[in-house]
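What follows is a set of notes on a single structure, which appears directly below.
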Amino acid sequence: MKIIDLFKNGKQVISYEVFPPKTSSGFESVQLATKEIAKLNPGFISVTYGASGGTSDYTIDIASDIQKNLDVTSLAHLTCVTSNKETIINQLKKLKENNIENILALRGDLPSHMKDLKSRDYSYASDLMKDINEFGDFCIGGACYPEGHVESEHLVDDIKTIKSKVDMGCKFLITQMFFDNNILYNFLYKLRDAGIDIPVIAGIMPVTNAKQIKRIVELSGTYLPQRFKTVVDKFGHNPKAMAQAGIAYATEQIIGLYANGVNGIHVYSMNKPEIASAIHNNLSEIVNN
C-alpha cells in the first residue's frame, strides 16, 4: 500500500521506525524487533538508511521482510548526498524488485570532510525526489523541520524548500522530533498559508534515557520546554522511572495531536518494541476512535 492512501479515509495512523544492523550478525535481532512491532498493526514501519549508505542493502532487506513476511507496509529511507546517480538508480531498481512502494527521500547529513555540495550529483532532497519521480510509481515522502533546519537561517527558507519538494513529487512529510505541540501547530499554519496541503506526519521521540537529551540538542537544536526539562531533572537519574516518564510524555503529546486533528504520528521507537508496545497500549482506545 502507498502511504498516501492511508490518509484518504480520515483515520488516525500511527507508525514506527527501526534502523538496520551495521553488520550481518545483527540482522536477526532487527528482524525480531520488527516482528514484535508489526504485531501492533501499525500503518507502516520505516527503515532508516545508514550513514553514507553503509547499510543500504540491509535497509532494503529489512523493508522487504516487513512487507513480505510481516504483512505491514514499509517505508525505506534513501539518502543521496554521498551518492551519484548510478548508485541511486541501482537502489531504485532493487526497491522496485522487492515491491517496496514507499521511499522517504532525504539529502542526508553532510560528512565532516564534505564542504562543497555543488560538485555533487545531489545537493538537495528535491533533486533526489525528481529522479525517483521520473523513475516511476513510488510514493515519495520527505522530511520537514517544525523549528527550522539547523542549516537554515530563516523558517521561511525551509517553507520554500518544502514547496520545491512538493513540486518534485513529494506526497507526504514526516517531521523532525519536537517536544512542544504548539511548535507543530504554528508550523502547520505556515505550510497551509504557503499552499502546501499534503499530509504532515508528526515525528515523536519518546525520551527514555536522560543521555539522549544532549545528543538530541546537539543534532537538531530542538527546543526543550520547561515541563519536559522538569521531567528529566526529576527522573533522569533513575533509568526505569525515566523510561516510564518519557513514554508518558510522548503519549500525552500524541493524544494532544490527535485531539487537534493531526492524524499521522510517527514514533521514533528505533529497535525497541517495548517502547512501541507501551505507547500502543496507552492509546488502545484512542487510535481510530
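Are there any pairs, at least 6 apart or on different chains, whose C-beta atoms fall under 7 Å, with the first in the range 16-43 and exposed (fewer than 14 other Cβ atoms within 10 Å of the Cβ) and the second outside any strand (DSSP E or B) and among the polar types (S, T, N, Q), and if so, which? That search, which allows pairs on different chains as well, returns K22/T55. Filtering the range 63-81 to residues that are touching a helix residue (DSSP H, G or I) at 6+ places or on another chain (Cβ under 7 Å) and more than 16 Å from L6 (Cα to Cα) leaves D65, I66, L70, A76, H77, L78, T79, C80.
The residues in the range 134-175 that are modelled with pLDDT of 95 or more and assigned to a loop (DSSP other than H, G, I, E, B) can be counted, and the count is 3. Within the range 248-276, the set of residues being among the aliphatic types (A, V, I, L, M), over 24 Å from D197 (Cβ atoms) and over 18 Å from the mean Cα position of the chain (by Cα) comprises A248, I255. Picking from residues in the range 251-272 that are of a type in the set (G, A, S) and touching a Phe, Trp or Tyr at 6+ places or on another chain (Cβ under 9 Å), the one that is modelled with the highest pLDDT is G264. Hey, Y122 hits all of (1) farther than 24 Å from D180 by Cα; (2) out of contact with any Gly (no Cβ under 6 Å at 6 or more places or on another chain); (3) touching a residue at least 60 places away in the same chain (Cβ under 8 Å) but one; which does it fall short on? For Y122, the exception is condition (3).
Residues of the range 49-84 that are within 17 Å of the chain's Cα centre (by Cα), at pLDDT 95 or above and in a loop (DSSP other than H, G, I, E, B): V72, T73.
Spot the failing condition for S164; the list is (1) out of contact with any helix residue (DSSP H, G or I) (no Cβ under 6 Å at 6 or more places or on another chain); (2) of a type in the set (S, T, Y); (3) closer than 24 Å to I103 by Cβ, and only one is missed. With respect to (1) out of contact with any helix residue (DSSP H, G or I) (no Cβ under 6 Å at 6 or more places or on another chain); (2) of a type in the set (S, T, Y); (3) closer than 24 Å to I103 by Cβ, S164 is out only on (1). What are the residues in the range 104-133 that are among the acidic types (D, E), in a helix (DSSP H, G or I) and at pLDDT below 95, if any? Within the range 104-133, just D127 meets the criteria.
The values are calculated or read from the model by the stated rules, or taken from the named source; none is laboratory data. Because the structure is a prediction, the values reported are computed rather than measured. Neighbour counts are summed over all protein chains in view; Cβ atoms, including those assigned to glycine, are modelled from backbone coordinates with ideal geometry.
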